[in-house]
1. For Arg39 and Ala245, compute 0.36 nm times the residue count separating them, minus their Cα-Cα distance, and round to one decimal in nm.
2. What list of ³J(HN,Hα) couplings, whole Hz, do you get for region 20-26 from phi and the Karplus terms 6.51, -1.76, 1.60, once you set θ to phi - 60° and write x for glycine and proline?
3. List every residue whose amide H lies under 5 Å from the amide H of Lys126, counting only residues 5 or more places away in sequence or on a different chain, with H placed 1.01 Å from N in the peptide plane.
4. Given 0.36 nm per residue, what is the gain on full extension from Thr136 to Gln108 after removing their alpha carbon distance, in nm?
5. Highest mean first, how do 107-119, 47-59 rank when packing is the count of other Cβ atoms within 10 Å averaged over residues?
6. Taking only the alpha carbons of region 1-159, what extent do you get along each of the three principal axes, in Å, biggest first?
7. What is the local net charge at Val222, summed over the other residues whose Cβ is closer than 13 Å to its Cβ (Lys, Arg +1; Asp, Glu -1)?
8. May I ask you to list the chymotrypsin sites (Phe, Trp or Tyr not before Pro) in region 152-252 that are in a DSSP loop and have at most 10 other Cβ atoms within 10 Å of their Cβ?
Amino acid sequence: MRSVDEVVAALRRDPARTAVIVDFDGTLAPIVDDPAEARPLPDGPPLLDALAARFGLVAVVSGRPVRFLRAHLGEGPVLVGLYGLERAVGDEVVVDPEAARWGPVVDQAAAAARDELPAEVGVEHKGLSLTLHVRTCPEHADAVAEWARAAAPRWDLAVGSARMSVELHPPVTVDKGTVVAGLLGTVDVDAACFIGDDVGDLPAFGAIAEFTARGGDGHRVVVASAESAPPLLAAADAMVADPTAVLDLFRALLA
């Protein structure tokens, strides 16, 4: 396990040839009971803007829709939403062409979830994906997971898991790993990091590992908590305690 100071030193060596890629929930924004209320820590957006002005690539890759990310983070970093199904290109939100046709299907799944699941379960309809939240009602976690496993074949959707939630999304070969690999393929960088906190970030960690195997200086940083999945902790090169510590890492990169 590396220290944060070691990671910072490596990433500061040549900022113009370095990529800084981060998650949103649990990384830039504290985890909250109501996902709609999640906000980045106040210093997060200006620090991302400052990093974007100095580093070769700065990006936020999240399960959130791009419009949500843009509303709360501005346009300094590259913004990729819904695990890669959407991305910001200028003023537009560009949707993965394989996923675009699945909007009406996800609409049907969201309506069924609201009708068939307990009222306490949070049904977050993101347009091209659906997240079912049980943070405020963990007693329903098993039932929600079972419902999702049964519902997925009804609409030919794929099932994913996250912290205190289950997701349904189009069965396309896009995830944070393909996004991070694609981003790193568009810039000429020698060093890169991904900072995340959930199992959905494991593919991104995998992409950083592949970058390292090709000779790059890769760093996988986990925001550790009592909810951290063991595979995520095992894959990490370094750990920070919370989103506040992520911003401290940003400040160190800019110092």
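1. Additional length available on full extension: 72.6 nm.
2. 10, 10, 9, 7, 10, 5, x
3. Those lying under 5 Å, H to H, from Lys126 are Thr131.
4. Difference between extended and current length: 7.7 nm.
5. 47-59, 107-119
6. 53, 35, 28
7. -4
8. none
The values are calculated or read from the model by the stated rules, or taken from the named source; none is laboratory data. Computed from a predicted model, the values in this text were never measured in an experiment. Don't worry about glycine lacking a Cβ; one is built from the backbone with ideal geometry, like all the others, and counts go over all protein chains shown. Areas reflect the complete protein model, heavy atoms only, side chains present, ligands, DNA and RNA absent. Shrake-Rupley method; radii C 1.70, N 1.55, O 1.52, S 1.80 Å.
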